[in-house]
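Down below is the structure, laid out as structure tokens.
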Amino acid sequence: MTQASDFEKYINLADERLGTKALYVTDDWFADVNRMFQPEPAVWKEGVFDDNGKWMDGWESRRKRFEGHDYAVIKLGVPGTIKGVNIDTCHFTGNFPPSASLEACFSPDADPSDNTEWHEVLPAVALQGDSEHIHAIEDDRAWTHVRFNIYPDGGVARLRIYGVPFIDWANVDSNEQIDLAASLNGGRALACNDQHFGHMRNILNPGRGVNMGDGWETARRRTPGNDWVIVALGHPGVIERIVVDTHHFKGNYPDSCSIQAAYVKGGTDAQIETQSLYWSELLPSQKLEMHQEHSFSEQIKDLGTVTHVRLNIFPDGGISRLRLFGKVSAAK
């Protein structure tokens, strides 16, 4: 059974914080279609009504009294390849659609028109009320827009579209220094030993963290050892500058950190986790302070081209962001 955790290593291409928005919707009488793209889980407001009816945290259309179905044309905040979809009907019980489907197109230079060719990426699937519906997508093509169809009408709380951002690496200047680990550049957090308070993927998010919840934070360690997270770079490259940001972490930042790295050829995520024990040291142990950016350049060891890093924090705590600036290299 497919679970949300299967796609947590990927970025949500339909996150409103990335600029996702609906360009057209057939009907959103009861609830604004753009609420589907909010990053927070849907909430229920007991007894709250507006001029059109019960306030719902999601997209809700009117009861259809004629032939057809409702749909929304959505511009993804980031073009990319779709790996999985989560159609969440949270709090919609007697008003959810019985089924839904998803189509997509690649139109980087213009919004879709009547002549746009749409491709089905998720055939119609059955929906239940107040439930998550998670489906893997087996398609390597990149998309800029999606058309979300609900049959015939009803409400959906959240639409999550997990995937890998589309980057035309052939056109990236080999002399340009970019953040090879950024989620917008295809970086992914693959594994960690603990993420009790904050998910590992947050350290690759755009911008600085908005609060402690927008970072990676482990539980208080009560046994020997240290905590760690493994990150896959968006493209092989040579790392020249590292930023470890403890923004918002004051009484709970790590005492120090180090980074290991390697060029990995093949292997599953589980196999990579085991291999990381023996990776070479890229950044020797560095002292950290609370609530600030730490930038390292001269301390970085020359390992050449790498594809993965392992950030070690000692002994535990929270990191807001990890930035790995460098230049792209050809694959070995």
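The values are calculated or read from the model by the stated rules, or taken from the named source; none is laboratory data. Source: prediction; values computed, not measured. Cβ: placed from backbone, ideal geometry, glycine included. Neighbour counts: every protein chain shown.
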message = Looking at the structure I just gave you, is T274 in a helix (DSSP H, G or I) and within 14 Å of L190 (Cα to Cα)?
response = yes
inquiry  = Between a residue in the range 164-191 that is modelled with pLDDT of 95 or more and any residue that is part of a strand (DSSP E or B) and acidic (D, E), which pairs come within a Cβ distance under 8 Å, given they are 6 or more apart or on different chains?
reply    = Q177/E240; N185/D179; G187/D179
ask   = Looking at P112, is it touching a His at 6+ places or on another chain (Cβ under 6 Å), buried (at least 18 other Cβ atoms within 10 Å of the Cβ) and in a loop (DSSP other than H, G, I, E, B)?
value = yes
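Can you tell me which of G209, G251, G237 is farther than 23 Å from K287 by Cα and either of a type in the set (D, E) or not assigned by TED's automatic domain parsing to the domain that holds L76 (or both)? Write out each step before concluding.
Details: G209 fails: farther than 23 Å from K287 by Cα; G251 fails: farther than 23 Å from K287 by Cα.
Of the residues listed, the single one that is farther than 23 Å from K287 by Cα and either of a type in the set (D, E) or not assigned by TED's automatic domain parsing to the domain that holds L76 (or both) is G237.
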message = Can you find, within the range 64-85, the residue that is surrounded by the fewest Cβ atoms within 10 Å (Cβ to Cβ) among those that are among the charged types (D, E, K, R) and either farther than 27 Å from P112 by Cβ or in contact with a Gly (Cβ under 7 Å, 6 or more places away or on another chain) (or both)?
response = R65
inquiry  = Take the conditions crowded, with 16+ Cβ neighbours inside 10 Å and polar (S, T, N, Q) and apply them to T307. Does it pass?
reply    = yes
task = Considering (1) within 24 Å of F197 (Cβ to Cβ); (2) under 22 Å from the mean Cα position of the chain (by Cα); (3) surrounded by 15 or more Cβ atoms within 10 Å (Cβ to Cβ), say which one D269 fails and leave the rest.
result = (3)
message = Take E281 and tell me if it is in a loop (DSSP other than H, G, I, E, B) and of a type outside the set (A, V, I, L, M, F, W, C).
response = no
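Go through the range 44-68 residue by residue and tally those that are part of a loop (DSSP other than H, G, I, E, B) and free of Cβ contacts under 8 Å to residues at least 40 places away in the same chain.
Looking only at that region, the number is 10.
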ask   = Which one of these does R35 not meet: (1) in contact with an Asp or Glu (Cβ under 9 Å, 6 or more places away or on another chain); (2) surrounded by 15 or more Cβ atoms within 10 Å (Cβ to Cβ); (3) part of a strand (DSSP E or B)?
value = (3)
